[in-house]
Amino acid sequence: MTDNVKTAVPKEAHAGKTPWVTITKRDGVGLKRRILIRVAAIFAALVLGSIITPLVTGDNPLSIYGTMVKGAFSEYRIWGTAQSFVMLLGISLAVTPAFKMKFWNIGAEGQVLAGALATAAVMVGLGGKVPDWTVTLVMIAAGIGAGTLWGVIPAVFKAFWKTNETLFTLMLNYVAIQLVEYFLKIADKSGSNTVGPSLLTHGRLPVLFGQQYMLNIIIVTLLTAFIYVYMYYSKHGYEIAVVGESENTARYVGINVKKVIIRTMALSGAICGLMGLLLVGATSYSIDANLAGGNGFTAIMVSWLAKFNPLLMILTAALIVFMSRGAEEVSTKFGLNSSYSDILTGIILFFIIGCEFFINYEVHFNRRRGAKKEEAE
Amino acid sequence: MINGIMDFAARAILQGTPILFGATGEILTEKSGNLNLGIPGIMYVGMISSVIGGFAYQSGGNINPALAIIIPTLSCLLGSLIVSFIYAFLTITLRANQNVTGLAITTFGVGFGNFFGGSLIKITNSSAPYLSLTKLSRIFSGQKIVPDSAPWYQHLLLPLGFLVYVSVVIALVVGFVLKRTRVGLQLRAVGESPATADAAGINVTKYKYLSTCIGGMIAGLGGLFYIMDYSSGIWSNDAFGDRGWLAIALVIFAVWRPSIGIIGSYIFGGLYILYNYISVSMNMIPIMQMLPYIVTIVVLIITSLRKRRETQPPASLGLNYFREER
């Protein structure tokens with residue numbers, strides 16, 4: 001292990017003033033150790049959760065985790081869990097290529113909503129006026145197109161004028177939310193400001209095998225495979241990785257950085273738009289400003305926790321969804337507010353975020369007193 | 001007519017004040033190079049902490065005006081300090097990614113607020129029918145309804161609680177410290193180039209911790225103002241809305257200057273409620289509420305096009321500093 005440690009401070013130079021702790025970066029930590037540290041972090045978080053939860057519910061920790069398992073996997077809830085899982089995974093896959101490029105797209109929420117809004121607008125606008133299959137085709141194009149547009153706008157400004165993409169994409173979320181609110185007001189003539197299944201009847205995507213969520217599950221499964229291949233085995237994926245590591249290197253080897261930024265964000269936005277399309281056209285047949293339900297933000301954490309690896313994302317997305325579905329059940333059982341899941345999820349995230357440090361760095365404790373004694377002798 | 005304009009101005013100021021607190025805190029934090037996207041969560045925690053403190057005090061029975069202000073304020077500061085310290089520890093000491101950490105803080109903070117907001121009465125077995133601190137709120141807030149016969153300046157001043165003035169003073173002080181003092185100069189150096197600051201003997205870690213924690217506490221006061229003054233002490237889940245994100249938008253709009261933030265927050269507040277005062281159809285309300293974000297995007301684009309040094313984000317914004325990697 002000591003071979004790959006770069007020492008921060010030459011020990012001889014500051015022998016008298018050795019700090020009590022030195023931190024050094026390490027590379028090439030073994031896979032086993034990496035997994036071990038992460039598992040330890042999740043375990044520590046669950047222990048902390050099981051200390052806090054009894055304080056507010058009065059139940060014993062083990063039975064609480066039993067309730068959580070029931071909440072996520074019981075017969076009545078398993079399909080709902082699967083649906084939440086594929087949606088979160090899909091959006092996480094969408095943001096991944098951009099993140100790999102170090103383009104901080106925190107606008108997935110808005111890109112999903114843009115796709116959903118375009119889908120709903122087509123269903124309301126064309127439904128009944130043209131054959132249903134035409135409606136379906138137009139809404140697929142519109143949903144994916146709108147998501148793409150929402151992703152490309154900040155990318156163009158980033159590529160040409162270095163406009164801060166984090167802040168730009170963040171603002172676009174709220175523009176999309178207000179556009180949805182506006183749509184709700186104009187689309188519904190009855191004045192109830194909701195657009196639900198009774199309005200969105202034409203052009204719905206097909207229900208496969210008699211199971212409402214099957215289409216989403218199949219599409220996201222294919223998407224996972226596609227993104228994996230795209231990121232690791234395609235020229236585009238390679239270019240994304242190079243731009244993410246160093247734009248100057250990318251330019252030097254002849255990669256058109258502007259083109260890569262815009263193309264990658266177009267892909268990111270398109271997948272978000274697709275998720276919006278599925279949410280409206282295949283799942284709920286309704287739209288409101290809370291349709292993406294914060295998944296656009298959660299996806300960022302899912303993707304980052306998996307180190308942008310689409311296969312690991314299956315695990316991290318499953319963990320987050322299990323936590324939130326499980327905590328929903330806990331809060332129903334004890335008559336508590338359902339936001340309890342956000343607290344537990346937050347705690348787990350803090351631990352996993354924090355444990356990365358122990359993977360990337362090594363901490364040495366220097367025995368200061370011992371050192372002083374040696375000097376005195 | 002003048003009374004109507006003054007009423008509008010007062011409402012705009014009340015709308016803008018929570019955003020001003022949040023933006024001032026975020027400016028201070030960002031000047032050290034930390035892009036804290038946890039601000040909405042921190043404001044939420046500040047809000048629920050003051051509610052918890054106030055609720056405990058109010059349940060005691062007797063209310064002393066001084067304690068009624070001190071207890072919620074201190075619990076608000078403590079709550080927001082703890083959450084911003086978690087952010088600071090994760091990003092500064094453990095060098096975790098700032099965006100991810102910030103979003104996790106927001107998830108946690110909003111969940112924490114909604115959970116205790118929705119369950120506090122059940123947890124404490126209180127007999128209160130719903131979570132409200134109206135008695136304490138009266139001490140914090142200004143006069144809600146001003147009679148028509150009152151002179152015009154009263155229409156502007158009476159509705160404003162003392163925290164409105166506190167927010168302005170804090171913004172001016174932060175602006176002064178950043179621009180005119182040695183501490184501010186060193187803080188800006190940390191945000192622009194931590195390696196250079198480190199080489200010059202500035203304690204980068206200390207500056208980052210202090211500005212993140214103090215910034216978080218200032219932002220938390222926005223939550224205190226919102227619950228105690230703006231919403232008259234009545235808690236309802238998610239009522240705070242997107243004000244936390246508006247605060248982050250305001251930082252850009254104000255090009256990282258707290259003094260511009262004061263005016264900007266009132267403009268944002270005014271845009272937010274303008275639909276009440278001009279004749280637009282109900283349908284247009286969302287379009288009006290979109291304006292602060294659109295304006296912010298326009299400012300963001302213009303500043304990146306003009307590339308003037310004074311209006312750029314701090315150069316190291318969003319990046320963590322590790323001495324070994326210079």
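Side notes on the structure shown:
- Scanning the range A:171-200 for residues that are part of a loop (DSSP other than H, G, I, E, B) and surrounded by 18 or more Cβ atoms within 10 Å (Cβ to Cβ) turns up A:Leu199, A:Leu200.
- Looking at B:Ser84, B:Ser126, just one residue is at pLDDT 90 or above and away from chain A (no Cβ under 11 Å), and that residue is B:Ser84.
- Residue within the range B:194-206 that is closer than 12 Å to B:Glu30 by Cα and either of a type outside the set (D, E, K, R) or touching a helix residue (DSSP H, G or I) at 6+ places or on another chain (Cβ under 8 Å) (or both) present: no
- One residue stands out in the range B:212-253 among those that are β-branched (Val, Ile, Thr) and either away from chain A (no Cβ under 14 Å) or part of a loop (DSSP other than H, G, I, E, B) (or both): the one that is nearest to B:Leu14 (Cα to Cα), namely B:Ile227.
- Residue list for the range A:348-361, filter: surrounded by fewer than 19 Cβ atoms within 10 Å (Cβ to Cβ) and part of a helix (DSSP H, G or I): A:Phe357, A:Phe358, A:Ile359, A:Asn360
- The selection criterion, being modelled with pLDDT under 85, crowded, with 24+ Cβ neighbours inside 10 Å, hydrophobic (A, V, I, L, M, F, W, C) and not in a helix (DSSP H, G or I), does not hold for A:Ala327.
- Where B:Leu67 falls short, out of the listed (1) part of a helix (DSSP H, G or I); (2) modelled with pLDDT under 90; (3) surrounded by 24 or more Cβ atoms within 10 Å (Cβ to Cβ): (3)
- Listed conditions (1) in a helix (DSSP H, G or I); (2) under 20 Å from B:Ile263 (Cβ atoms) are all met by B:Pro159, apart from (1).
- Within the range A:96-115, the residues that satisfy the criterion of being within 15 Å of A:Leu172 (Cα to Cα) and in a helix (DSSP H, G or I) are A:Ala108, A:Glu109, A:Gly110, A:Gln111, A:Val112, A:Leu113, A:Ala114, A:Gly115.
- Of residues in the range A:302-331 being under 13 Å from the mean Cα position of the chain (by Cα) and among the aromatic types (Phe, Trp, Tyr), the one farthest from the other protein chains (Cβ to nearest Cβ): A:Phe308
- Any hit, the range B:141-161, residues being under 30 Å from B:Gly61 (Cβ atoms), of a type in the set (Phe, Trp, Tyr) and modelled with pLDDT under 90: no
- The set of residues from the range A:154-170 being without any contact (Cβ under 8 Å) to a residue 60 or more places away in the chain and surrounded by fewer than 19 Cβ atoms within 10 Å (Cβ to Cβ) comprises A:Trp161, A:Lys162.
- Residue in the range B:283-306 that is within 13 Å of another protein chain (Cβ to nearest Cβ), of a type outside the set (Phe, Trp, Tyr) and not in a helix (DSSP H, G or I) present: no
- Cross-chain or 6+ apart pairs with Cβ under 8 Å, the range A:171-196 first and in the same structural domain as A:Gly143 (by TED's automatic domain parsing) and among the acidic types (Asp, Glu), then modelled with pLDDT under 80 and buried (at least 22 other Cβ atoms within 10 Å of the Cβ): A:Asp188/A:Val195
- Restricted to the range B:307-326, and to residues there that are of a type outside the set (Lys, Arg) and in a helix (DSSP H, G or I), the residue that is farthest from the other protein chains (Cβ to nearest Cβ) is B:Glu310.
- Against the criterion of being among the hydrophobic types (A, V, I, L, M, F, W, C), surrounded by fewer than 23 Cβ atoms within 10 Å (Cβ to Cβ), under 30 Å from B:Leu120 (Cβ atoms) and within 12 Å of chain B (Cβ to nearest Cβ), A:Phe334 qualifies.
- Residues (surrounded by fewer than 17 Cβ atoms within 10 Å (Cβ to Cβ) and assigned to a loop (DSSP other than H, G, I, E, B)) located in the range B:143-156: B:Gln143, B:Lys144, B:Ile145, B:Pro147, B:Asp148, B:Ser149, B:Ala150, B:Pro151
The rows are residues; the columns are (1) among the hydrophobic types (A, V, I, L, M, F, W, C); (2) more than 30 Å from B:Ala315 (Cβ to Cβ); (3) within 14 Å of chain B (Cβ to nearest Cβ).
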{"residue": "A:Leu88", "(1), (2), (3)": "yes, yes, yes"}
{"residue": "A:Pro97", "(1), (2), (3)": "no, no, no"}
{"residue": "A:Phe103", "(1), (2), (3)": "yes, no, yes"}
{"residue": "A:Glu109", "(1), (2), (3)": "no, no, yes"}
{"residue": "A:Ala141", "(1), (2), (3)": "yes, yes, no"}
{"residue": "A:Leu149", "(1), (2), (3)": "yes, yes, no"}
{"residue": "A:Met171", "(1), (2), (3)": "yes, no, yes"}
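- Verdict on B:Ala96 being within 24 Å of A:Gly354 (Cβ to Cβ), within 14 Å of chain A (Cβ to nearest Cβ), crowded, with 20+ Cβ neighbours inside 10 Å and more than 20 Å from the chain's Cα centre (by Cα): yes
- Residues of the range B:254-282 that turn out to be of a type in the set (Ser, Thr, Tyr) and assigned to a helix (DSSP H, G or I), as a count: 5
- Scanning the range B:193-211 for residues that are outside any helix (DSSP H, G or I) and touching a residue at least 40 places away in the same chain (Cβ under 8 Å) yields one hit, B:Ser193.
Yes/no matrix, rows are residues, columns are (1) aliphatic (A, V, I, L, M); (2) at pLDDT below 90:
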{"residue": "A:Val69", "(1), (2)": "yes, yes"}
{"residue": "A:Ser74", "(1), (2)": "no, yes"}
{"residue": "A:Trp79", "(1), (2)": "no, yes"}
{"residue": "A:Ser84", "(1), (2)": "no, yes"}
{"residue": "A:Leu88", "(1), (2)": "yes, no"}
{"residue": "A:Ser92", "(1), (2)": "no, no"}
{"residue": "A:Met101", "(1), (2)": "yes, yes"}
{"residue": "A:Asn105", "(1), (2)": "no, yes"}
{"residue": "A:Gln111", "(1), (2)": "no, no"}
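- Residue that is nearest to B:Pro159 (Cα to Cα) [pool: residues in the range B:1-30 that are out of contact with any helix residue (DSSP H, G or I) (no Cβ under 8 Å at 6 or more places or on another chain) and aliphatic (A, V, I, L, M)]: B:Ile5
The values are calculated or read from the model by the stated rules, or taken from the named source; none is laboratory data. Just so we're clear, the structure is a prediction, and the values are computed from it rather than from any experiment. Because the Cβ atoms are built from the backbone with ideal geometry, glycine has one as well, and the counts that use them run over all protein chains shown.
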